[in-house]
Amino acid sequence: MNIWLELALTLVVMLVVVLTASLVTIYVELKAGSHMQARIGPYYAGGRWGWAQPLADGAKFLQKEDLAPAKADRPVYRLAPFVVMMSALGIFAVIPLGPDLVGAKLDLGVYFLLAISSFSALGVLMAGWSSANKYSLIGGLRAAAQLIAYEIPLILAVVAVVIQAGTMSLIGIVDAQQATLFTLGGIEVALPFILTGQLVSFFIFMIAAVAELSRIPFDMPIAESELTMGYLTEYTGIRFTMFFLGEYATVVGFSAIAATLYLGGYGAPFLPESMANVAGPAILLLKVSALVFVIIWIRFTWPRLREDQLQSMAWRWLIPISLINIAVIAVFKVAF
Amino acid sequence: MTSRQLMHRSEVAVSVELETPGMTLNIGPQHPSTHGVLRLVAKISGERIHEIEPVIGYMHRGYEKLSEVRTYAQITALVNRIDWVAGFANEVPFILGVEKLVGVEAPERAQWIRLILTELARISSHLVFMCSFPLELGASTPLMHMLRDREHILELIEDVTGGRFHPNFNRVGGVKPAYGGGSKTKKQSMDLPAGFFKRTLKAMDLMDQTCEDIDTLVTGNELVRARTIGIGVIPAEKAIEYGMSGPNLRASGVAYDLRKVDNYLPYDQIDFDVVTRTGGDSFDRYLVRVGEIRESVKIIRQAVDIIPAGPLQAKVPRVLKVPEGQVYSRAENPKGEFGYYIVSEGGKMPYRLKIRSTSFSNLSILPWILVGQLIPDLVAIMGSLDFVLGDVDR
Amino acid sequence: MSKGIKFPFPGLFKGMALTFKTMVKKAPVTMYPDVKEIPVPRARGVISLDAEACTVCMLCARECPDWCIYIEGHKVEKAPSKPGGRVRTESILDRFDIDYGLCMYCGICVDVCPFDALFWSPEYEYSEMKISNLLHNQERLGEWLKTVPEPPALES
């Protein structure tokens, strides 16, 4: 097949998958969140259960005027949402939905993931600075500090996985979780990493991921009761939609990363090799939705921390713990 | 300009060191955490506040002036709009003051109805606090849960008075006896509707459950504790200096409650405690209010048992002329001491009405308490002070 | 959970249990346009007018705190009931308007009416697209009279 055609096809499929996933996540957040708050949430849009609410919201945002503050740094202001969106979409390029269902088979998949996901910090900082708004500025700076601080425990948590799997390829990591650990009564048992020594790094990864996503309890960059909307304060219309979609795409993205690294990705116990490409996406989807639900659940239960508490948590707790975790796992890896 | 001054100036200009000037952050009047239209002009460097100046008056509705051209009955309808989350509680001190001037006393049943409704208003006001305070900290779920439970209280108030927020139920010499003044027919007595006591007791049981929910969602939450314990500590003497009252004062360890001090409604026949805490920080101010909901539930349970039968209003002339004189009348509102200074020169309208509104006095501590705090603590402290802008600006 | 093991951050997880419990319960919501909430009989929804009973005494218009009641009337001479009796005058109501854009629902007009011409109705569905339509005239106010409920029974 023509390489360009293949590329275009992959892009279109990926875009559709990612945007659908984000819209579904938005819908679940609207609906599940409402029920957690003793409301019913969207109800009339789309005829039943308000399923079309995210689409209706999107259509509304598209109609809005694309405003920029008079003193904004226009080119940067306009570019920022694209940077965030690109970072969000980039995550999905390397996440394997099945042994062959992957946008780009990279040997350094983990490396690419960490690089592309931290790219969004740049977009956020651009948005905060270029808006010419003091709230945006504070929000952008908070975001920058937060994203950089939580990049480190995130990477350290992933390093532990890489050490255990012995590869940086995401497919390799999934395969490592499929490998037979021991035989119990004639049945070959394979366990995901979360059950074989990666529990601590899984929690560190999730905490750091929520902080990277800047969602409650770590949503200080947008903290609507302090900074109105943080770096998003001045954005409207299509550009706000891009930030918004980007946020939810990243929620799905990070959940997919966590599912791949710790929960066995597209693999499941007793799944025959031949079925992996067919059932793989569904299995991954199941794991991702469980993680996404937990993230939404947390958002509707907890308040937010303070910026300095967040920093001290990263530097004083998460980083030392994950360093110790790496050491322990390395020792086990060498010993066994 | 003299040469001396000029010289002085040039010296200053030379000796100025390079430093980053602070940023002026204008918080409000339209801002999510200012409960309306409070404006705070903050000089900050980083997120640390160096200087803060509250600007009020964006919601000034001129109640004191309006009252000078309205009859006492009309003012009763106005005053419950001052602190709108506890409408009934605002009427009580005003009507008590007018009663003192006229020299009538409300019959006992009316007094007890006032007491029950005041306590219901207190619960509903504190429940609104339970909504807004976690919301400032970023938790949106307590808001919905508390609003859901407050509905039971508002239904009770509406059941008796016909209004959820603005009861306008007090009359000089008692409570509203009936709708319409017609002597012929259809006189609708405004006594408590049938089943009110049963519904009240049921709602009080629900409030117990609500208090438990608050404890689960907010009190026990480690993040809330991390955000509020030790934040915005107001020592007792500072609180007194700035004229704070109510739960904000009691959180600093001063057991001053007008319900115990003044004996204005039959509170002396009821067994209840004044909730105090000693820390004086945001978390203590929150805990005092949770405790007060529990105490109010206790008060209402007792009051429902005690309330006697009888008339609703003492005999007062149809066209009320208040004799010359002046009076200061105060009551313990959900937010603290709420007072009216009424000056009458005889006639149907007061000559002057000074409103000592609670939130205004409680807010006056802001420039002192907020200096040196971080912006995230600013919202935590302001949330814990529990003010209503209508009450500040009047 | 056994008491021996101390679970970290119990408060956080208790809160999550509560929100989950709330989620699976039915939300206490009245589906408003489909299902109407029934207000209590004393609810102050809208003021209705019994024009027959009104004697154009203007008390309500005078006592209204924000003067949102507009009344006009004229007097007619009525023939004496007995021949040779005194000629009496009777007030005829020409106009009785309440501006609900101004009304603050205090209920003073209903309280002061000495002839029982005004009543509260708990009806609440009369929002308008144009503010001028909130001025209810005599006929409109009279229509509300049908919705006035019986006063509730009293607590003995």
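The values are calculated or read from the model by the stated rules, or taken from the named source; none is laboratory data. From a predicted model like this one, the values you see are computed outputs, not experimental measurements. Heads up, the Cβs are rebuilt from the backbone with ideal geometry, glycines too, and the neighbour counts pull from every protein chain shown.
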Elements of type strands (runs of 3 or more DSSP E) contained in the range C:45-156, each with 2 or more residues being at pLDDT 85 or above and within 14 Å of chain B (Cβ to nearest Cβ): C:46-49, C:118-121
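Could you please let me know if C:Pro114 is within 18 Å of the chain's Cα centre (by Cα), of a type outside the set (Asp, Glu) and surrounded by 13 or more Cβ atoms within 10 Å (Cβ to Cβ)?
no
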- prompt: Can you name every residue in the range A:169-185 that is surrounded by fewer than 19 Cβ atoms within 10 Å (Cβ to Cβ) and either outside any helix (DSSP H, G or I) or under 18 Å from the mean Cα position of the chain (by Cα) (or both)?
  reply: A:Ala179, A:Thr180, A:Leu181, A:Phe182, A:Thr183, A:Leu184, A:Gly185
statement: Going through (1) touching a Pro at 6+ places or on another chain (Cβ under 8 Å); (2) part of a helix (DSSP H, G or I); (3) surrounded by 21 or more Cβ atoms within 10 Å (Cβ to Cβ) one by one, A:Tyr235 fails only at (2)
query: Mind checking whether some residue in the range A:21-30 is under 23 Å from A:Ile171 (Cα atoms), touching a residue at least 24 places away in the same chain (Cβ under 8 Å) and surrounded by 14 or more Cβ atoms within 10 Å (Cβ to Cβ)?
result: yes
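Give the residue, chosen from B:Ser67, B:Ser33, that is at pLDDT 85 or above, outside any strand (DSSP E or B) and crowded, with 16+ Cβ neighbours inside 10 Å.
B:Ser67
Kindly indicate the residue of the range A:209-238 that is among the charged types (D, E, K, R) and out of contact with any Ser or Thr (no Cβ under 8 Å at 6 or more places or on another chain) and also farthest from the other protein chains (Cβ to nearest Cβ) among those meeting that condition.
Quick first cut of the range A:209-238, residues among the charged types (D, E, K, R) only: A:212, A:215, A:219, A:224, A:226, A:234.
Among the residues that remain, those that are also out of contact with any Ser or Thr (no Cβ under 8 Å at 6 or more places or on another chain) are: A:215, A:219, A:224.
On the way: A:Arg215: 10, A:Asp219: 7, A:Glu224: 5 Å.
By that ranking, first place goes to A:Arg215.
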field: Residues located in the range C:9-26, provided they are part of a loop (DSSP other than H, G, I, E, B) and either within 30 Å of C:His136 (Cα to Cα) or facing chain B (nearest Cβ under 9 Å) (or both)
entry: C:Phe9
task: Within the range B:345-374, work out how many residues are of a type in the set (Val, Ile, Thr) and either modelled with pLDDT under 85 or within 24 Å of B:Val98 (Cβ to Cβ) (or both).
output: 2
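One line per residue, one yes/no per condition, for (1) outside any strand (DSSP E or B); (2) surrounded by 12 or more Cβ atoms within 10 Å (Cβ to Cβ); (3) at pLDDT 85 or above; (4) within 14 Å of chain C (Cβ to nearest Cβ):
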site	(1), (2), (3), (4)
B:Ala13	yes, no, no, no
B:Leu40	no, yes, yes, no
B:Ala73	yes, yes, no, yes
B:Thr76	yes, yes, yes, yes
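Please enumerate the residues belonging to the range A:298-336 that are of a type outside the set (A, V, I, L, M, F, W, C) and touching a Leu at 6+ places or on another chain (Cβ under 6 Å).
Across the range A:298-336, the qualifying residues are A:Pro303, A:Ser322.
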query: Has the range B:299-321 got any residue that is free of Cβ contacts under 8 Å to residues at least 40 places away in the same chain, away from every other protein chain (no Cβ under 14 Å) and within 26 Å of B:Thr219 (Cα to Cα)?
result: no
- request: Go through A:Phe218, A:Phe202 for me and flag whichever is part of a helix (DSSP H, G or I), more than 17 Å from A:Ala88 (Cα to Cα) and not hydroxyl-bearing (Ser, Thr, Tyr).
  value: A:Phe202
- request: Give A:Phe244, A:Phe332, A:Phe240 a once-over and let me know the one that is in a helix (DSSP H, G or I), farther than 30 Å from A:Lys134 by Cα and not hydroxyl-bearing (Ser, Thr, Tyr).
  value: A:Phe332
task: Residues that are at pLDDT 85 or above, under 20 Å from the mean Cα position of the chain (by Cα) and charged (D, E, K, R): find the helices (runs of 4 or more DSSP H) completely inside the range B:191-308 holding 1 or more of those.
output: B:236-241, B:247-250, B:258-261, B:282-306
message: Anything in the range C:120-153 that is hydrophobic (A, V, I, L, M, F, W, C) and surrounded by 13 or more Cβ atoms within 10 Å (Cβ to Cβ)? List them, or say none.
response: C:Trp120, C:Leu134, C:Leu135, C:Leu141, C:Trp144, C:Leu145, C:Val148
- request: Could you tell me which residue of the range C:85-110 is nearest to B:Asn170 (Cα to Cα), considering only residues that are without any contact (Cβ under 8 Å) to a residue 24 or more places away in the chain and of a type in the set (Lys, Arg)?
  value: C:Arg88
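Yes/no per residue for (1) more than 30 Å from A:Met229 (Cβ to Cβ); (2) basic (Lys, Arg); (3) under 19 Å from the mean Cα position of the chain (by Cα):
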{"site": "B:Leu78", "(1), (2), (3)": "yes, no, yes"}
{"site": "B:Asn90", "(1), (2), (3)": "yes, no, yes"}
{"site": "B:Phe94", "(1), (2), (3)": "yes, no, yes"}
{"site": "B:Arg109", "(1), (2), (3)": "yes, yes, no"}
{"site": "B:Ala121", "(1), (2), (3)": "yes, no, yes"}
{"site": "B:Phe133", "(1), (2), (3)": "no, no, yes"}
{"site": "B:Leu137", "(1), (2), (3)": "no, no, no"}
{"site": "B:Pro142", "(1), (2), (3)": "no, no, no"}
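One line per residue, one yes/no per condition, for (1) among the basic types (Lys, Arg); (2) crowded, with 22+ Cβ neighbours inside 10 Å; (3) at pLDDT 85 or above:
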| residue | (1), (2), (3) |
| --- | --- |
| A:Val94 | no, yes, no |
| A:Val102 | no, no, no |
| A:Leu106 | no, no, no |
| A:Gly109 | no, yes, no |
| A:Ser117 | no, yes, no |
| A:Ser120 | no, yes, no |
| A:Gly123 | no, yes, yes |
| A:Met126 | no, yes, yes |
| A:Trp129 | no, no, yes |
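Here is a list: A:Val76, A:Val16. Which entry is of a type in the set (Val, Ile, Thr), closer than 17 Å to A:Arg239 by Cα and at pLDDT 85 or above?
Values: A:Val16 fails: closer than 17 Å to A:Arg239 by Cα.
Going through A:Val76, A:Val16 in turn, just one is of a type in the set (Val, Ile, Thr), closer than 17 Å to A:Arg239 by Cα and at pLDDT 85 or above: A:Val76.
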field: Search result, residues across the range B:80-96 that are within 21 Å of B:Leu127 (Cα to Cα) and crowded, with 24+ Cβ neighbours inside 10 Å
entry: B:Asn80, B:Ile82, B:Asp83, B:Ala86, B:Gly87, B:Phe88, B:Ala89, B:Asn90, B:Glu91, B:Val92
Filter pass, A:Phe218 being closer than 20 Å to A:Ser117 by Cα and either of a type outside the set (A, V, I, L, M) or surrounded by fewer than 19 Cβ atoms within 10 Å (Cβ to Cβ) (or both): yes
query: Mind checking which residues of the range A:20-37 are under 18 Å from A:Phe243 (Cβ atoms) and within 14 Å of chain B (Cβ to nearest Cβ)?
result: A:Glu29, A:Leu30
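Conditions (1) in a helix (DSSP H, G or I); (2) within 14 Å of chain B (Cβ to nearest Cβ); (3) of a type outside the set (Ser, Thr, Tyr), marked per residue:
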position	(1), (2), (3)
A:Thr10	yes, no, no
A:Ala45	no, no, yes
A:Leu55	yes, no, yes
A:Ala59	yes, no, yes
A:Ala88	yes, no, yes
query: Restricting attention to the range B:309-323, does a residue exist that is under 22 Å from the mean Cα position of the chain (by Cα) and either of a type in the set (A, V, I, L, M) or within 24 Å of B:Leu265 (Cβ to Cβ) (or both)?
result: no
- prompt: So which pairs qualify, if the first residue must be in the range B:137-160 and closer than 16 Å to B:Phe88 by Cβ and within 14 Å of chain A (Cβ to nearest Cβ), the second must be surrounded by 19 or more Cβ atoms within 10 Å (Cβ to Cβ) and hydroxyl-bearing (Ser, Thr, Tyr), the Cβ gap must be under 7 Å, and the two must be at least 6 apart or on different chains?
  reply: B:Arg150/B:Ser124
